[in-house]
Amino acid sequence: MVAKLSKDLIYEILSVVDEIPKGKVASYGQIAKLIDRPKNARLVGKVLSQASYYGDYPCHRVVNHAGRLAPTFPNQKDLLLDEGVEFKKPTHVDMKNFQWDM
DNA sequence: GTAATGACAAGAC
DNA sequence: TGTCTTGCCATTA
C-alpha cells in the first residue's frame, strides 16, 4: 500500500487493461475513454504504475498515443516483442498496426 | 482551500 | 514522429 487511489478507478482501469488482447497495445487515452473518463489519461498512468501492486496485469500493453513506453518500465519493450508487437523505432511501437482495434 | 505533481491527450508547426 | 503549449483530473503535501 503505497498510495491509495480511488478503488473504483483502479478496478475499472485494470479491468480494461486485462482485456487488451495479446499482441496489441492500447493508449492511455483509449483506456481513459473506456472507463468513461476521456480526460483521465494521466490517472490511468498513475494507477498502472501501481498495477503490479494490486495484481497481475499486462501494463506493458499500455503505451501513450505516440507509442512510447513507460519511462519506469524499460523491460516493457521486451515483453511486447515477446508477444509479437513490433517496434518501428527503439522507443516507439508500431501503433498503426498494433494498436488495440475495438 | 491552494499548489505541485504525474507511465497523458490533442492541436499547431 | 518530434517538440512545444495548453488543458484535464485525481492524489498528495
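Summary of values
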| read-out | value |
| --- | --- |
| Hits in region A:25-45 - residues which are surrounded by 15 or more Cβ atoms within 10 Å (Cβ to Cβ) and within 6 Å of DNA strand B (Cβ to nearest atom) | A:27, A:28, A:29, A:41, A:43, A:45 |
| Any hit, region A:23-34, residues being touching an Asp or Glu at 6+ places or on another chain (Cβ under 8 Å), basic (Lys, Arg) and over 14 Å from residue A:64 (Cα atoms) | no |
| Helices (runs of 4 or more DSSP H) enclosed by region A:12-102 - at least 2 residues per element that are within 10 Å of the chain's Cα centre (by Cα) | A:28-34, A:41-54 |
| Subset of region A:56-102 [surrounded by 11 or more Cβ atoms within 10 Å (Cβ to Cβ), more than 11 Å from DNA strand B (Cβ to nearest atom) and touching a residue at least 24 places away in the same chain (Cβ under 8 Å)] | A:80, A:83, A:85, A:92, A:93, A:94, A:98, A:100 |
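Read-outs: derived from the displayed coordinates by stated rules, not from any lab. Bear in mind the structure is a predicted one, so any value in this text is a computation, not a measurement. Positions of Cβ are generated from backbone atoms using ideal geometry, with glycine treated the same way; all protein chains shown enter the neighbour counts.
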